[in-house]
Every structure is written in structure tokens, then in C-alpha cells.
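Asks: Dropping the structure in here first, questions after.
Throughout, read-outs are computed from the coordinates displayed, never taken from laboratory work. It should be emphasised that the depicted structure is a prediction, and the values quoted were computed from it without experimental measurement. Heads up, the Cβs are rebuilt from the backbone with ideal geometry, glycines too, and the neighbour counts pull from every protein chain shown.
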Amino acid sequence: MAFPNDLSDVAAFKIHPAIGCARLASNKDYYEFFDYEEKRKAGQAQSLKYMSLRDGKHWFMRQAVRFRIFAYRSDGREIGELTADVMKQLGMSATWTANVANRKLNVWSQGATAAVEAQASAAAGETKRLEGNNPWRPGKVWLGEICGDGLFIPPMGGAYRKTENNAIPPYGAHRSDNGVLDTTSDGSISVSLTGANNIPVVPACVIVAPQDHSPDVGPGQIDNSQNKDFVRETRQLLQIPQDATLAGVGYGMDIAMMKTINADYNPGMEICLDGDVALPNPAGAFYARGQQHIDANEIRPNYASAKPGQLTAGLCSAWQTDLNACLNYWTSTFPNQVAFDTAPDTRVLARKQFAAAGPRNSEPEWLNAYIDMMEVGRDIENDPTFLHGTERDGNDNAGNTPVAPFPLEAEKLPPETS
């Protein structure tokens, strides 16, 4: 007998993807990354699958990530997925735990402002909310949800403010305790398995980040000095060969997810690998290769070495400042539109309306209201003008009438934290 009929040949379980990137949006709806990817590869995905209609406009959905459990032999070979059906057959059950934190203001205030930390566990059929303490007053900060089937759902994008009048700072004033807390975070995803004969389970990492290019565009497709490929840069950091390959469905999930992450999207949007005050030794935040059931070519953060929130702590606070600066760079570099991939499915990022608005570094509050209204879509008709979604500059479609800012805190955040 052997897996999945029994656990006699299972040396370890691993959670994949090793790094899951859950993306923020100002939308109650969400889609799941791997479900969308499978549909896209099969030619079934349409440009609006990661958007939903609201007030006659297309709004980005939040990007959720479903974590899965895979069994490995002592020789490191993947031997199958521990699905719900397999667990039922073996008399097992799973309880998923997310332990995340937003450590940005804690770092930039040199510890004067408390980190926002949240942990929750969910068994089958449950969904638990991740909430940390507001660092300035009674109330909670929403950092996401964990479900009993391994699904992590990010919170909606937004800002918690020290006072009602705290404004999001422009780029250049972002590395301080500026009284504006965003809803990003990072931390561990683990699972407790009853009936698993004490077989070790290797946890995963979740990164809660803003949208960058679009759900269809990976950083490697526009790789340059301002936008570095995460897989390549991390392999270099960890001294893993650039042509390294790992066999298995789980490792395939790892790479598919990491291809959407930027190692450095100046000034940086997901994981900060610069070795600054927030994470002095970036390589030390990952498992040592070849130890603790970690393959020599595997990229997996280790929260026994890093603290939850530390991978994202060196990035801009708040993230609206970060994304504002990034978009200004890219819209000046590509003022109209650019094809990131050629065949078989050309992906186009339309920037005409955003570029027409001019530099907006001094107005991060504008982006705070309109982040999910950028409306980036795939060129499914071989005609960029046909895109269902394009970036908007804060005016209506005619470019004439100003649009009132979205009432961010009143509508997006829990009442006690508004």
C-alpha cells in the first residue's frame, strides 16, 4: 500500500504555492488566482473574469489564493495531493491557520508604533476573519480571511488613519510613521492535520499586496532595471542555478505564482529584497536549501527566521504612495500602450488616460480612491481600443467631468475603524 491509500511512504507534506500573492482591490468580489489561470490557459477566460460591474463600470476583483497540500517521499519526490476526498478516505481532517502582520509603520517609527498582527484558524466549512489591533485607538484593522479549505482572501484596499485629517504622503515622505496605515501584510500559512501520524507539514507564505500591472501580466514580461523578475533575482540571492527545475504540481504552482511577483518594481510593491533596515539579511528569510524537507532548488520563506510582516515592511507606507510612484514611472516610459507578450495571447496594458492626467506624485489620495478603477484588460480582439478596461485619470469617459473620490473609509472598512 502507498499514498493515497495510506501514509506509509509519506515523509512530509508541503503547502503550495510556497508564496501566495493575494491582491487588494476596492471590491467586495474576488476571484481565485489558480482557477483563473487554468481557465486562461484553456482559452476560457475573458477579460472581465477578474472584474465585476459596479455603477456601470468594470472594477478589479480582489485576488484570492487557494493553498493546497501535497505529499512527498523521503527522496523529495511529490507523490500526490492531499485532497478533501483523500483526507476523508484516510480519516483525516485539516485546520488552516494564517498568521500575518503589517509591520511598515513599526519599522519606520523604529518601534514607536505597534505592528498590526492577526492570526486565525479555520476548520472545514469555516471562514475566519484576520483582524489586528488599531495602533492608535480602540478598534480593529482588517487583514484578510482564512477558510477551512485553504483559501486566503485579502481585505479590501484602503487606509486606516491616525486622525481624520491624515493625508497619504507623496513619494519621498513615505519612510516614516506618517499616520496612514495600509491593508497590506505578509505571514505564514500553516495547516494542522489530525490523523497524519505526526508527519511534518512545511508551511507556506502569503503576501498581501496591491495590484501591479494586471492579473494577466507578469514582471518577467517587462524585465529591466526598474522591474526585476522575482524568480531570477531570488535564485541569485539564494545561489540557486537559474536553469533549475523542480518536478511536481506543487512546484509548478510555486513558479506560476512567483512569475506574477516583482523582485523590485521601483520603488517596490510586494517583497522587498533590498537588504534595508526592515530585512537586513533577505537570504536569511528563506529556508536553507536541502534541509527540513526543502529541495536544494526550492524558494520558500521561513517564518522561523523572519517575522510576519517583515518581507513587506521595507516597502512604501502606505502602498498607495508606492503604486503612485510606480505608475508615474511606467506611464512616462510607455505613454500609450505596450504589448507585454506576443503569442498566442497578446496582453496589452492601456495607459492613455492615466498618462494624459500628467504626473500625480503629489496626489496619492487620488490613487487611494481609484486604484481599482485602472481597469486593465487583455487584448482579446487584437485591438487595444477594444479593451473592456483601461486606466482612468479621475474623469468620466469623455475626460471632462471630475469624478468624486470614492468614499473609502466609510464604505470599505468596518464601522469601528472608520
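Asks: List the pairs from K14/K128; K140/K228; K104/K140 whose alpha-carbon separation is above 26 Å, in the order I gave them.
Replies: On the way: K14/K128 22 Å; K140/K228 35 Å; K104/K140 17 Å.
Long pairs (Cα-Cα over 26 Å): K140/K228.
Asks: From the phi of every residue in segment 309-317, what ³J(HN,Hα) in whole Hz does the Karplus formula 6.51 cos²θ - 1.76 cosθ + 1.60 yield, where θ is phi - 60° and glycine or proline is x?
Replies: After applying 6.51 cos²θ - 1.76 cosθ + 1.60, I find x, 7, 5, 9, 5, x, 7, 4, 10 Hz.
Asks: Please list the equivalent ellipsoid semi-axes of segment 55-172, computed as the square roots of five times the alpha-carbon gyration tensor eigenvalues, in descending order and whole angstrom.
Replies: 36, 18, 15
Asks: Given R₀ = 41 Å, FRET efficiency for N5-A114 by Cβ-Cβ distance, to 0.05?
Replies: On the way: r = 49 Å, r/R0 = 1.20.
Taking R0 as 41 Å, the efficiency between N5 and A114 is 0.25.
Asks: Could you sort 144-157, 271-284, 82-95 so that the peptide with the highest average Cβ count within 10 Å comes first and the rest follow in order? All intermediate terms of the calculation are to be shown ahead of the outcome.
Replies: On the way: 144-157: 22.4, 271-284: 17.1, 82-95: 15.5.
Averaged packing, sorted descending, gives the order 144-157, 271-284, 82-95.
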